[in-house]
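Structure first, commentary second.
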Amino acid sequence: MQLPPVPKTPSWLLALQFEANIFGCMDAITQRYGDMVTVMFGSTPTIYVSNPSAIKEIFTRGKEIVARGALNKEEFALFTGEQGVLQLDGAHHKNRRKLLMSAFHGTRMQACGQHICELTEKIMAKQSIGKPFLAYPMLEQITLAIGIKVVMGLRQGERYEKVKELFATVFKHELSSTMQLVAKLPFWEWDLGRWSPQGNLLYLRKELFQLLYAEVQERRKQCKQLDSSPTDILSDLVLATDDTGEPISDEEIRDLLISPIGATQGASATAIAWALYWIHSLPHVRDRLLAELNGMGENPDIPTILALPYLNAVCNEVLRIYPTQLFSFPRIVESPVEIMGYKLSPGTIVIVNIYSTHQREDLYPETKQFQPERFLKQQFSNYEFLPFGGGSRACIGGAFALFTMKLVLATILLRYQLNLVKLQPEKPKFDGLLCYPGSGVKMIMQSRYQHKKQS
Ligand code: HEM
């Protein structure tokens, strides 16, 4: 086997440097060692790749380099269940992806667009003029409600409120930096009931799983009497049969619901929070975007908003400069394969480094500058601009995430004049999966505009 360069820093020190400043560390490593770098975790080589030609090979050579579900089990199965889409493989994985993705099309999306605008308006209306607020947690409320609606069809009632509360606490619990620190201590593994961190998390998770399971069972009964087409993913799954003609079990449906809700809440809120930060920290960007939005006239419809070129370029640049997810999920080499001259043996782990690909000066000159115009001037390939990963495990919600981003941003910008409370640069933080604005984007509402309604 011939591996790409291995940094001389011992892997424990590298891990500490990653913890302290992952962005600086990745920039320094790529600058020094190039766009394919090997990090040894024990005796397993893990190759981080930010070379577009190599990325193409990784995403298209699915027979040799496999996105095994087992690679995601340790990190995610506790929260997504054993049968979540992230843990699945082969034809089974393909079939479940197809079922989940069929929700993000046509008239269903049109109806959902209306809901997204109304929800954004409702939650924004709670902010008082002149009183500072943190945009990121507020956006999480919006995106969690969107996720629960699209995935489970719920928008009110006791079960909706409880699912919302549990999702917010379980996922926050999992991702908070204090919990990550606590999780490294030896007592983390002990389940001492609700008063130990692990015990409390398991308790909340059990409650959430029970609630989702109850909803699946109830929906199965309701769907027997359904005389119209389903309008959410849960009903799609209850009505679906797999390749053998068998219905999907209630346990599997429960697990399949979790990642799409969690991703809509977490990843979409993060991206929109970054967008609000960039737009409001750069007056020329805000002015150009507002001119485009206001140019739509009174009562702009949803397709018109979605087609706006500068809004699209702003969203892409947001996802380029700090990609919400810095890395793809891991792949494993299962048959010997040669990539860019390196001969990789079975067992080697390969991770696409989305962040460093998006920081390449040859693709994105003045790479640290937020410049939406680059997306108006140039088209990038799927291996150069890849916020949603690629290949067999590409994000199932990429188009929906952009749809949500555009509608939430348009609703906020058309209705409210916001400012950042401080004009200091917002520092990115990495929670092990997502890259979010560290201080939460503190904003203040200056005034409300009286015009423009989406229809
Ligand atoms: C800005 C928002 C989002 C970003 C940046 C993002 C990014 C990603 C990335 C990078 C991957 C890994 C792809 C790979 O390994 O090649 C992924 C996978 C995934 N995403 Fe997203 N995502 C976003 C929103 C969403 C939404 C809204 C949903 C659900 C509706 C979603 C559901 C998923 C699922 C289920 C997977 C795993 C797919 C599989 O295992 O086959 N994501 N996402």
task: Kindly indicate whether any position in segment 410-428 is within 14 Å of the ligand (Cβ to nearest atom), within 20 Å of Thr324 (Cβ to Cβ) and assigned to a helix (DSSP H, G or I).
output: no
task: Among the residues of segment 322-339, write down those that are under 27 Å from the mean Cα position of the chain (by Cα) and in a strand (DSSP E or B).
output: Gln325, Phe327, Arg331, Ile332, Val333
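Results for (1) in contact with a Ser or Thr (Cβ under 7 Å, 6 or more places away or on another chain); (2) closer than 26 Å to Gly438 by Cα, shown as yes or no for each residue.
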{"site": "Pro365", "(1), (2)": "no, yes"}
{"site": "Tyr383", "(1), (2)": "no, no"}
{"site": "Ala394", "(1), (2)": "no, no"}
{"site": "Gly397", "(1), (2)": "yes, yes"}
{"site": "Leu402", "(1), (2)": "no, yes"}
{"site": "Lys422", "(1), (2)": "no, yes"}
task: Could you figure out which of (1) more than 16 Å from the ligand (Cβ to nearest atom); (2) modelled with pLDDT of 95 or more; (3) not aliphatic (A, V, I, L, M) isn't true of Phe375?
output: (1)
message: Consider segment 33-68. How many of its residues are part of a helix (DSSP H, G or I) and either away from the ligand (no atom under 16 Å from the Cβ) or modelled with pLDDT under 95 (or both)?
response: 2
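Residue-by-condition table, conditions (1) within 22 Å of Ile272 (Cα to Cα); (2) within 16 Å of the ligand (Cβ to nearest atom):
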| residue | (1), (2) |
| --- | --- |
| Asp301 | yes, no |
| Ala307 | yes, no |
| Ala313 | yes, yes |
| Gln325 | yes, yes |
| Pro330 | no, yes |
| Ser335 | no, no |
| Ile349 | no, yes |
- prompt: Here are Ala103, Ala77: which of them is part of a loop (DSSP other than H, G, I, E, B), within 14 Å of the ligand (Cβ to nearest atom) and either surrounded by 14 or more Cβ atoms within 10 Å (Cβ to Cβ) or at pLDDT below 90 (or both)?
  reply: Ala103
field: Residue check, Ser176 small (Gly, Ala, Ser), under 27 Å from Val408 (Cα atoms) and at pLDDT below 80
entry: yes
message: I'm told Tyr355 meets every condition in (1) within 11 Å of the ligand (Cβ to nearest atom); (2) under 30 Å from Asp232 (Cα atoms); (3) in a helix (DSSP H, G or I) except one. Can you identify the failing condition by its number?
response: (2)
message: Under 6 Å between Cβ atoms, which residue pairs at least 6 apart in sequence (or on different chains) link something in segment 322-335 that is surrounded by 24 or more Cβ atoms within 10 Å (Cβ to Cβ) with a partner that is part of a loop (DSSP other than H, G, I, E, B) and at pLDDT 95 or above?
response: Pro323/Pro387; Ser328/Gly389; Arg331/Ala67
task: With the condition kept exactly as written, say whether any residue in segment 306-313 is over 22 Å from Cys112 (Cα atoms) and not polar (S, T, N, Q).
output: yes
Candidate set: segment 358-388, residues that are under 19 Å from Tyr277 (Cβ atoms) and assigned to a helix (DSSP H, G or I); chosen: the one nearest to the chain's Cα centre (by Cα): His358
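The values are calculated or read from the model by the stated rules, or taken from the named source; none is laboratory data. Just so it is clear, the model here is predicted, and its values are computed rather than measured. Positions of Cβ are backbone-derived with ideal geometry, glycine not excepted, and every protein chain shown enters the neighbour counts.
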